[in-house]
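Following: one structure in structure tokens, then a few remarks.
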Amino acid sequence: TITVNDEVQSLEGVSSLQDLLCSMQLTEKTGIAVAVNECVITRTAWTECKLSESDRVTVIQATQGG
């Protein structure tokens, strides 16, 4: 299990950050930032970033406003 934005999720079928974001339908979105265990992961490194038990993933999506 891992924690995504303070919600516990199962790692079944998920081995990389790219897999996780794909399952959340976020891979095609722009304006998102992702951190694993408080370390920002660039979009180009999503496939290389392997997730492990107890990892904490934070996904932030930019929104317009003022």
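The values are calculated or read from the model by the stated rules, or taken from the named source; none is laboratory data. Please read these numbers as outputs of a predicted model, since none were measured by experiment. In this analysis, Cβ positions are derived from the backbone assuming ideal geometry, glycine residues included, and neighbour counts consider all displayed protein chains.
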Out of everything in segment 3-16 that is within 11 Å of T58 (Cα to Cα) and surrounded by 13 or more Cβ atoms within 10 Å (Cβ to Cβ), what residue ends up being nearest to the chain's Cα centre (by Cα)? V4
State which residue pairs qualify: first residue without any contact (Cβ under 8 Å) to a residue 40 or more places away in the chain and inside segment 51-66, second residue among the β-branched types (V, I, T) in any location, beta carbons under 7 Å apart, and separation of 6 or more residues or different chains. I60/I32; Q61/I32
Residue, nearest to S54 (Cα to Cα), within segment 1-22, restricted to residues that are among the acidic types (D, E) and assigned to a loop (DSSP other than H, G, I, E, B): D6
Among the residues of segment 26-50, write down those that are acidic (D, E) and either within 17 Å of D6 (Cα to Cα) or without any contact (Cβ under 8 Å) to a residue 24 or more places away in the chain (or both). E28, E38
Scan segment 23-45 residue by residue and report those that are touching a strand residue (DSSP E or B) at 6+ places or on another chain (Cβ under 7 Å), at pLDDT below 95, closer than 20 Å to Q9 by Cα and assigned to a loop (DSSP other than H, G, I, E, B). L26
